[in-house]
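Visitor: Structure below; questions to follow.
The values are calculated or read from the model by the stated rules, or taken from the named source; none is laboratory data. The shown structure was predicted, so the numbers you read here are calculated from the model rather than taken from an experiment. Don't worry about glycine lacking a Cβ; one is built from the backbone with ideal geometry, like all the others, and counts go over all protein chains shown. Keep in mind that these areas ignore ligands, DNA and RNA; they rest on the heavy atoms of the full protein, side chains included. Shrake-Rupley method; radii C 1.70, N 1.55, O 1.52, S 1.80 Å.
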Protein chains: 2
Amino acid sequence: MSLILTFLGKGGTGRTTMAIAAAKKLASQGQRVLLAGQDPGPALGLMLQTALGSDPQEIATNIQAVQFQSTVLLERSWEEVKKLEAQYLRTPLLGNVYGQELGVLPGMDSALALNALREYDASGKYDVIIYDGSGDQTTLRMLGLAEIFSWYIRRFQKVVQDSDLWKAVSPFIQPVTSTVLNVSWTGENFGQQPLKEANNLLDQGKAAVADPNRVAAYLVTTVDANAIATAKYLWGSAQQVGLTVGGILLNHEPTTEAFAAEFDPLPVSAIPSRSDDNWQPLMEALPDFRQASQAPRPITIDIPARQVRLFLPGFDKKQVKLTQSGPEVTIEAGDQRRNILLPPQLSGQPVKGAKFQNGYLAISF
Amino acid sequence: MSLILTFLGKGGTGRTTMAIAAAKKLASQGQRVLLAGQDPGPALGLMLQTALGSDPQEIATNIQAVQFQSTVLLERSWEEVKKLEAQYLRTPLLGNVYGQELGVLPGMDSALALNALREYDASGKYDVIIYDGSGDQTTLRMLGLAEIFSWYIRRFQKVVQDSDLWKAVSPFIQPVTSTVLNVSWTGENFGQQPLKEANNLLDQGKAAVADPNRVAAYLVTTVDANAIATAKYLWGSAQQVGLTVGGILLNHEPTTEAFAAEFDPLPVSAIPSRSDDNWQPLMEALPDFRQASQAPRPITIDIPARQVRLFLPGFDKKQVKLTQSGPEVTIEAGDQRRNILLPPQLSGQPVKGAKFQNGYLAISF
């Protein structure tokens, strides 16, 4: 299992520069590093002075680099889909549709990249994977996919099973399935097997994002007021997808007390500007990325105290909305909605109170 | 109908600055302008010195501004989905699922923003809508959605109709539909009505993106080599979604002959740096955005010459891939795949030859 690192911040603050410097630093410490670029444009390749491909290639000792290409990843995933289909359907439909025809729709870049990261992680070939993504809300949506998609599955599974439509249709499922499916299912467990496999993957994804020893983000900013405000916003937004932010990288300038106070309690590392091809000063200024686990965690559930505490820095009270529907509690902040699946001891209990203080939302049951 | 303008380029080159200056310029000419920001972070509001909301508000004479919030847009769209469901299903399933619960998955930001742009366009309230999006591949995926999604619909509709699965299932559709649907359909036209409505919307979207008097992009760059390379890449990539690029905005520096040659035949406007709150020099330096229709068009189909010409600047021969499957031709370049639906006179004809010259791919049938 790898540590997956990513850098968040306003465009132009130097996220890709930090990603490369981090790769060089970790490789110099003997870590096997994969540097994965999301943007298909030429910028990363130019900075690395290498033409990148859609498969990892060694660009220096201990460093491999890859540039995700959604068209290529989609072709590969399509082959997997066809294999799955052949496994479950007696007469597959998709045989005549080729991966080379498929266009890329919004969201596919993120889903395909997340799947590629998962595979590189599982390959055991890398100690650290550095993901040079768009570094904004899009990266957070990608890392939130497992948690949010799990919610959609469990919510809509229940909706369908409770529905009159299901009661009307399910008697027909039995005869139809025996005609077209390769496996004999009863109406009850129709679709359960692939769903179970999907849920397993999603659970693994959720666990990884929630563990700062597996996935961590660092904020990149300059002293520009806009860049600082954007970094603070992304700090809070990252918590909403359960992602731990390990520290701040202040690019181009030494840090000040006032600056550090903005991001308290996170450590700030001041990173010097790069001159020509000398990466050494940047590598030395970067923090120990394994320390991300010391940063505040996005969520803590205290069962004896009957309390859920969410860390939501960068937001004020008015920007945070709490609603309860059924067994779940929904937190809305930073254009993110997070449904918290409560442990059995708190599930179904009404919210008794909520207090927003020092960047923490404490919900009592 | 509005003119929808957007700015593409590397992060940090000043895309949002250009969007604001363009809004001010057009408003000063008496155009009713909507400035729509995609990023939910604080940057756009700080630059406008106004707190933005999820509904348009007047921020100056002739300028309204809105900041898209996917959580809010998703709630609104969900209500529409529930209405549609109630129209077609006897016993709706989704009544108990509330918009306030729904999390945002990758791709939803783009789909929801595109739908919001469509509605603002149709409202008749704005002469120009300036979309301050992520300005990269994500914006192109959004603007390519209509064309690519249309392809998925026509391809998979055919796959399903030709399949043994459909033949096995369709006899059951009739009895099931009469039980659960509000409308009486035969198996033949099952799902045709909503599909027809969806196809209409997609056709309108495709027509708008293909018309530079309706949708146009401008490239923003500085003299930085990385920024120039990214702008060139986005120039070519924009053609792949059928989007016309009207010109180049060179930020902070005067243009040179060498620079202009990089983007020939597009006009280059040199935009001075902004000092404090003085936008006037920027407004004056911006081009006439209505001139985008004079730029090369992404695709021209010459039926008498039996030729399709695609403008693909910024790519070399090796980066462009052409395949033919069935009646369609697929062009792959810049991590985009475009399926070209040929007119009846050329449809189904084999490709006789293809030549890549001066940034144009000419395909002969």
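Visitor: If you take the residues in the range A:1-24 that are of a type in the set (Val, Ile, Thr), open to solvent by less than 10 Å² (accessible area, probe 1.4 Å) and within 14 Å of another protein chain (Cβ to nearest Cβ), which one is nearest to residue A:134 (Cα to Cα)? Walk me through how you get there before you give the answer.
Guide: Kept after step one, since they are of a type in the set (Val, Ile, Thr), are these residues of the range A:1-24: A:4, A:6, A:13, A:16-17, A:20.
Still in the running and open to solvent by less than 10 Å² (accessible area, probe 1.4 Å): A:6, A:13, A:20.
Add one more test, that the residue is within 14 Å of another protein chain (Cβ to nearest Cβ), and what stays is A:13, A:20.
On the way: A:13: 12, A:20: 15 Å.
The residue in question is A:13.
Visitor: Among the residues of the range A:215-231, count how many are touching a residue at least 12 places away in the same chain (Cβ under 8 Å), open to solvent by 20 Å² or more (accessible area, probe 1.4 Å) and at the interface with chain B (Cβ under 8 Å from one of its Cβ atoms).
Guide: Qualifying residue count for the region: 1.
Visitor: How many of the residues in the range A:22-39 are under 22 Å from the mean Cα position of the chain (by Cα) and either farther than 25 Å from residue A:124 by Cα or aliphatic (A, V, I, L, M) (or both)? Give the steps one after another, and end with the answer.
Guide: In the first step, residues of the range A:22-39 are kept if they are under 22 Å from the mean Cα position of the chain (by Cα); the result is A:22-23, A:26, A:32-39.
Subsequent filtering for residues that are either farther than 25 Å from residue A:124 by Cα or aliphatic (A, V, I, L, M) (or both) retains A:22-23, A:26, A:33-36.
Count: 7.
Visitor: Checking residue B:329 against (1) within 14 Å of chain A (Cβ to nearest Cβ); (2) in a strand (DSSP E or B); (3) closer than 20 Å to residue B:245 by Cα, which single condition isn't satisfied?
Guide: (3)
Visitor: Continuing with the same structure: So in the range A:25-36, with the set limited to residues that are in contact (Cβ under 8 Å) with a residue 60 or more places away in the chain and crowded, with 21+ Cβ neighbours inside 10 Å, which one is nearest to residue A:252 (Cα to Cα)?
Guide: Among those that are in contact (Cβ under 8 Å) with a residue 60 or more places away in the chain and crowded, with 21+ Cβ neighbours inside 10 Å, it is A:25.
Visitor: Condition (residue is more than 14 Å from chain A (Cβ to nearest Cβ), open to solvent by 70 Å² or more (accessible area, probe 1.4 Å), of a type in the set (Lys, Arg) and closer than 24 Å to residue A:43 by Cα) applied to the range B:310-319: is it met by at least one residue?
Guide: Checking the range B:310-319: at least one residue is more than 14 Å from chain A (Cβ to nearest Cβ), open to solvent by 70 Å² or more (accessible area, probe 1.4 Å), of a type in the set (Lys, Arg) and closer than 24 Å to residue A:43 by Cα.
Visitor: Restricting to the range A:30-55, count the residues that are under 21 Å from residue A:104 (Cβ atoms) and more than 14 Å from chain B (Cβ to nearest Cβ). Spell out the reasoning first.
Guide: So in the range A:30-55, the residues under 21 Å from residue A:104 (Cβ atoms) come out as A:36-45, A:52-55.
Imposing the further condition that a residue be more than 14 Å from chain B (Cβ to nearest Cβ) reduces the set to A:36, A:55.
Number of matching residues: 2.
Visitor: Scan the range B:79-93 for residues that are surrounded by 15 or more Cβ atoms within 10 Å (Cβ to Cβ) and at pLDDT 90 or above and jot them down.
Guide: Correct list: B:82 only.
Visitor: Okay, moving on. Considering each of B:345, B:291 in turn, give the residue that is open to solvent by 70 Å² or more (accessible area, probe 1.4 Å), out of contact with any His (no Cβ under 7 Å at 6 or more places or on another chain), in contact (Cβ under 8 Å) with a residue 24 or more places away in the chain and within 28 Å of residue A:96 (Cα to Cα). If you could, list the steps in order and put the result at the bottom.
Guide: Details: B:291 fails: within 28 Å of residue A:96 (Cα to Cα).
Exactly one of B:345, B:291 is open to solvent by 70 Å² or more (accessible area, probe 1.4 Å), out of contact with any His (no Cβ under 7 Å at 6 or more places or on another chain), in contact (Cβ under 8 Å) with a residue 24 or more places away in the chain and within 28 Å of residue A:96 (Cα to Cα), namely B:345.
Visitor: What do you reckon, is residue A:96 touching a helix residue (DSSP H, G or I) at 6+ places or on another chain (Cβ under 8 Å), in contact (Cβ under 8 Å) with a residue 12 or more places away in the chain and open to solvent by 40 Å² or more (accessible area, probe 1.4 Å)?
Guide: Values: touching a helix residue (DSSP H, G or I) at 6+ places or on another chain (Cβ under 8 Å): yes; in contact (Cβ under 8 Å) with a residue 12 or more places away in the chain: no; open to solvent by 40 Å² or more (accessible area, probe 1.4 Å): yes.
No: the conditions fail for residue A:96.
Visitor: Let me ask you something else. Keeping to the range B:306-329, report how many residues are acidic (Asp, Glu) and within 11 Å of residue B:340 (Cα to Cα). First the steps, then the outcome.
Guide: Here is the first cut: in the range B:306-329, the residues acidic (Asp, Glu) are B:316, B:328.
Those still in the list that are within 11 Å of residue B:340 (Cα to Cα) too: B:328.
Residues in the range B:306-329 being acidic (Asp, Glu) and within 11 Å of residue B:340 (Cα to Cα): 1 in total.
Visitor: Show the residue pairs that are 6+ apart or on different chains and have beta-carbon atoms under 7 Å apart, the first residue being within the range A:145-167 and more than 9 Å from chain B (Cβ to nearest Cβ), the second being open to solvent by less than 40 Å² (accessible area, probe 1.4 Å).
Guide: Here the result reads A:146/A:202; A:146/A:205; A:146/A:209; A:150/A:202, each pair linking the range A:145-167 to a residue that is open to solvent by less than 40 Å² (accessible area, probe 1.4 Å).
Visitor: Then there is this: Tell me, which residue of the range A:128-182 that is touching a Ser or Thr at 6+ places or on another chain (Cβ under 8 Å) and in a loop (DSSP other than H, G, I, E, B) is modelled with the lowest pLDDT?
Guide: It comes out as A:163.
Visitor: Okay, moving on. Look through A:51, A:19 and report the one residue that is small (Gly, Ala, Ser) and at pLDDT below 95.
Guide: Working: A:19 fails: at pLDDT below 95.
Matching residue, one of A:51, A:19: A:51.
Visitor: Hey, another quick one. Just to check your reading of the model, which residue among A:101, A:75 is touching a residue at least 24 places away in the same chain (Cβ under 8 Å) and within 12 Å of chain B (Cβ to nearest Cβ)?
Guide: A:75
Visitor: Residues in the range B:310-326 that are touching a residue at least 60 places away in the same chain (Cβ under 8 Å) and in a loop (DSSP other than H, G, I, E, B): how many? Don't jump to the end; show me each part of the working.
Guide: Looking only at the range B:310-326, we keep the residues that are touching a residue at least 60 places away in the same chain (Cβ under 8 Å), and these are B:310-315.
Pick out the ones that are also in a loop (DSSP other than H, G, I, E, B) and you get B:312-315.
Adding up the residues that qualify gives 4.
Visitor: Could you check the range A:332-356 and list, in sequence order, the residues that are closer than 17 Å to residue A:155 by Cα and within 14 Å of chain B (Cβ to nearest Cβ)?
Guide: Matches in the range A:332-356: A:337, A:338, A:339, A:340, A:341.
Visitor: Another question about this same structure. Condition check: facing chain B (nearest Cβ under 10 Å), open to solvent by 60 Å² or more (accessible area, probe 1.4 Å) and modelled with pLDDT under 75. Does residue A:186 satisfy that? If you could, list the steps in order and put the result at the bottom.
Guide: On the way: facing chain B (nearest Cβ under 10 Å): no; open to solvent by 60 Å² or more (accessible area, probe 1.4 Å): yes; modelled with pLDDT under 75: yes.
For residue A:186, the condition - facing chain B (nearest Cβ under 10 Å), open to solvent by 60 Å² or more (accessible area, probe 1.4 Å) and modelled with pLDDT under 75 - is not met.
Visitor: Give me a count of the residues in the range B:104-128 that are of a type in the set (A, V, I, L, M, F, W, C), more than 9 Å from chain A (Cβ to nearest Cβ) and more than 13 Å from the chain's Cα centre (by Cα). Spell out how you get there, then give the answer.
Guide: Restricting attention to the range B:104-128, the residues satisfying the condition of being of a type in the set (A, V, I, L, M, F, W, C) are B:104-105, B:108, B:111-114, B:116-117, B:122, B:128.
Okay, now just the ones that are also more than 9 Å from chain A (Cβ to nearest Cβ), so B:112-113, B:116-117, B:122, B:128.
With the extra rule that they be more than 13 Å from the chain's Cα centre (by Cα), the set shrinks to B:122, B:128.
Within the range B:104-128, residues that are of a type in the set (A, V, I, L, M, F, W, C), more than 9 Å from chain A (Cβ to nearest Cβ) and more than 13 Å from the chain's Cα centre (by Cα) number 2.
Visitor: Collect the residues in the range B:104-121 that are open to solvent by 40 Å² or more (accessible area, probe 1.4 Å) and either within 10 Å of residue B:77 (Cβ to Cβ) or free of Cβ contacts under 8 Å to residues at least 12 places away in the same chain (or both), keeping them in residue-number order. Steps first, please.
Guide: Of all residues in the range B:104-121, those open to solvent by 40 Å² or more (accessible area, probe 1.4 Å) come to B:108, B:111, B:114-115, B:118-119.
Hits for the range B:104-121 are B:108, B:111, B:115, B:119.
Visitor: Working only within the range A:57-72, note down all residues that are open to solvent by 40 Å² or more (accessible area, probe 1.4 Å) and either at the interface with chain B (Cβ under 10 Å from one of its Cβ atoms) or of a type outside the set (A, V, I, L, M) (or both). Don't jump to the end; show me each part of the working.
Guide: Our first condition is that a residue be open to solvent by 40 Å² or more (accessible area, probe 1.4 Å); within the range A:57-72, this holds for A:57-62, A:64, A:69.
Within the range A:57-72, A:57, A:58, A:61, A:62, A:64, A:69 qualify.
Yes or no, residue by residue, for (1) among the polar types (S, T, N, Q); (2) touching a residue at least 24 places away in the same chain (Cβ under 8 Å); (3) in contact with a strand residue (DSSP E or B) (Cβ under 8 Å, 6 or more places away or on another chain); (4) open to solvent by 70 Å² or more (accessible area, probe 1.4 Å):
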site	(1), (2), (3), (4)
A:251	yes, yes, yes, no
A:260	no, no, yes, no
A:268	no, no, yes, no
A:277	no, no, no, yes
A:296	no, yes, yes, no
